Amino acid sequence: MEKKSFEILDVTLRDGSHAMSHAFTPEQVRDTARALDAAGIRYFEVSHGDGLGGSSLQYGLSAHDELELIEIAADACKQAEVSVLLIPGIGVKGDLQNAVKAGAKMVRVATHVTEADVAAQHIALGRELGLKTVGFLMMSHMAPTAKIVEQAKLFESYGAEVVYVTDSAGYMLPQDVTERISALKQSIGCDIGFHGHNNLSMAMANTVAAVEAGATFIDGSLRALGAGSGNTQTEVMVAVLERLGYETGIDLYKIMDAANDVVTPYMPRPQEITGSSLVMGYSGVYSSFLLHTQVAAKRFGVDERDILVELGRMKAVGGQEDLIYDVAQGIAARN
């Protein structure tokens, strides 16, 4: 097998928070962390679905304090390390400092694909705190490759050790991923990551394209638990990459057991491509909008697909969740 040239980062306990309505229990976090650690995962993410400080009426209230969950996850591990997500404007520097006290060893600072400049101080703080520090370009399908390169260079100049192409809507096709990762490979010196969603059933193919183009960090989620139709499925990713000749460093049976014996029992529903999540991928809508859209559709008696199509036309981005209800109300009035 080819020597491992990438790190698999698991996001079950962060992106999965969207599908769980931000209600992970301490026991679920502890058991999942232990299982990931035993399987050989090096980094896994723990926080509210919208990152540190995300627990709010707008983004959804967490059932349990995220700092306690981070501490529980960190304490459960022998070798794996906890990562956290920080979206400037949702989380603040104090949230990151508290996360470090709780045991976090990595931070991924996430911005819209054209707004890396808002993250300079957060990237700098991550490095100052001794964290593995990552720049996360969300909704990367919404910008041309040249713009992504420009923004990645900003992240790198601030001190990011990894820059991610993030397909937040599950909109990209493999050729889109290859083009963006290849351009970054030629343009920046730091590591490159890819985070995929499965709204068009392309997450696995896109992840393979990212690895083959030179991505050195790739994201997955056990049983694909995540926003929309979920993420690239971690245990499937391990199997596919090993079939392709890569040495992943992950124990396939143990990561399968983590998915099937630990995560499956607490999943609220199977992570599948439904009509609405398909429309999200087709229209390029932020995956975490799905549950908010379903609530708005019921409240105003409209088709949730109509809401999503309109949001896609408006090019709505993360942070505009209030817009979902305005769109639903407008559709109801027209009807």
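The values are calculated or read from the model by the stated rules, or taken from the named source; none is laboratory data. Note that the coordinates shown come from a computational prediction; the quantities given were computed from them, not determined experimentally. Backbone-built Cβ (ideal geometry, glycine too); neighbour counts: all protein chains shown. The area values use the complete protein model at the heavy-atom level, side chains included, leaving out ligands, DNA and RNA. Shrake-Rupley method; radii C 1.70, N 1.55, O 1.52, S 1.80 Å.
One entry in (1) 27, 43, 21, 8, 1; (2) 26, 53, 21, 1; (3) 35, 61, 5 is P(r) over Cα pairs in 20 Å bins from 0, in percent calculated from the shown coordinates; its label is (3).
Accessible area ranking (1.4 Å probe, heavy atoms, ligands and nucleic acids excluded), largest first, for His195, His292: His292, His195. Placing pseudo-labels 7 Å out from each Cα toward the beta carbon at Ser5 and Arg269 gives an inter-label distance of 4.0 nm. Charges were assigned to the Cβ only: +1 to each Lys and Arg, -1 to each Asp and Glu. The resulting dipole of region 194-318 about its Cα centre is roughly 480 debye. Taking the accessible area of the chain, probe 1.4 Å, and keeping the other protein chains in place, the carbon and sulfur fraction comes to 48%. Estimated from the Cβ-Cβ distance and a Förster radius of 35 angstrom, the FRET efficiency linking Lys78 and Leu244 is about 0.75.
With K and R counted +1 and D and E -1, the other residues having a Cβ less than 14 Å from that of Ser277 yield a net charge of -2.
So which of Lys105/Lys254; Lys93/Lys254; Lys147/Lys298; Lys254/Lys298; Lys93/Lys153 end up more than 32 Å apart by C-alpha? Pairs exceeding 32 Å: Lys93/Lys254; Lys147/Lys298; Lys254/Lys298. In the context of the full set of protein chains, the chain has a per residue accessible area of 39 Å² (1.4 Å probe). Length gained on full extension, Asp117 to Ala23: 30.6 nm, using 0.36 nm per residue less the C-alpha separation. A simple spin-label model places the labels of Gln97 and Arg30 3.0 nm from each other, with each point 7 Å out along Cα-to-Cβ. Only Cα pairs under 8 Å and 6+ residues apart enter the sum, and on that basis the relative contact order of the chain stands at 17 percent. Full extension of the segment from Glu212 to Leu57, taken as 0.36 nm per residue of separation minus the current Cα-Cα distance, would add 51.7 nm. List the residues of region 144-160 whose backbone N lies under 12 Å from a point placed 7 Å from the Cα of Lys315 along the Cα-to-Cβ direction. Zone members listed by number: 144. For region 150-204, the relative contact order is 46 percent, taking Cα pairs closer than 8 Å that sit 6 or more residues apart in sequence and dividing their mean separation by the residue count. Note on the chain: with a GNM built from Cα contacts shorter than 10 Å, the maximum mean-square fluctuation among Val163, Val107, Val240 falls on Val240.
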